[in-house]
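Report on the following structure.
The values are calculated or read from the model by the stated rules, or taken from the named source; none is laboratory data. All figures in this text were calculated on a predicted structure; none of them were measured in a lab. Because the Cβ atoms are built from the backbone with ideal geometry, glycine has one as well, and the counts that use them run over all protein chains shown. We work out accessible area using only protein heavy atoms, side chains counted, and drop any ligands, DNA or RNA first. Shrake-Rupley method; radii C 1.70, N 1.55, O 1.52, S 1.80 Å.
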Amino acid sequence: MKLLESGEMYLETIYILSGKGEPVRSLDVAEYMQFSKPSVSRAVGLLKSGGYLLMDADGYLSLTRVGMDMAKKIYERHTVLTEFLTGLGVDRDTAVADACKMEHDISEASFEAIKKQLNNSRGE
């Protein structure tokens, strides 16, 4: 199942929230994303059926291995693109917003080139 941008955003959000060390529920996702509970519930159902997400008997969400891999990829793109844009002089809020749009559409080749350039500018 190929994920749409919205599915990627949900996975990234669950990844970010789970990194805070607290169990993640659909309500937490809805609050973080400022989406309605029914929208999140529908998305959670689609992500579960796609094999990206699990929900336990208490309603807590966890990413499957495939979901975790996808979430990490999207989150890395977001953080790298944000850093790249701020390094170009874009203000942080604009860079975050633009990175969020770019992370879903940028090709692997372009992303890797940006990452390489960023690493070179850091001296890595």
Might you let me know whether segment 27-40 holds any residue that is under 16 Å from GLU8 (Cβ atoms), more than 15 Å from the chain's Cα centre (by Cα), part of a helix (DSSP H, G or I) and without any contact (Cβ under 8 Å) to a residue 24 or more places away in the chain?
yes
Can you confirm whether segment 3-24 contains a residue that is open to solvent by 30 Å² or more (accessible area, probe 1.4 Å), modelled with pLDDT of 95 or more, acidic (Asp, Glu) and within 30 Å of LYS116 (Cα to Cα)?
no
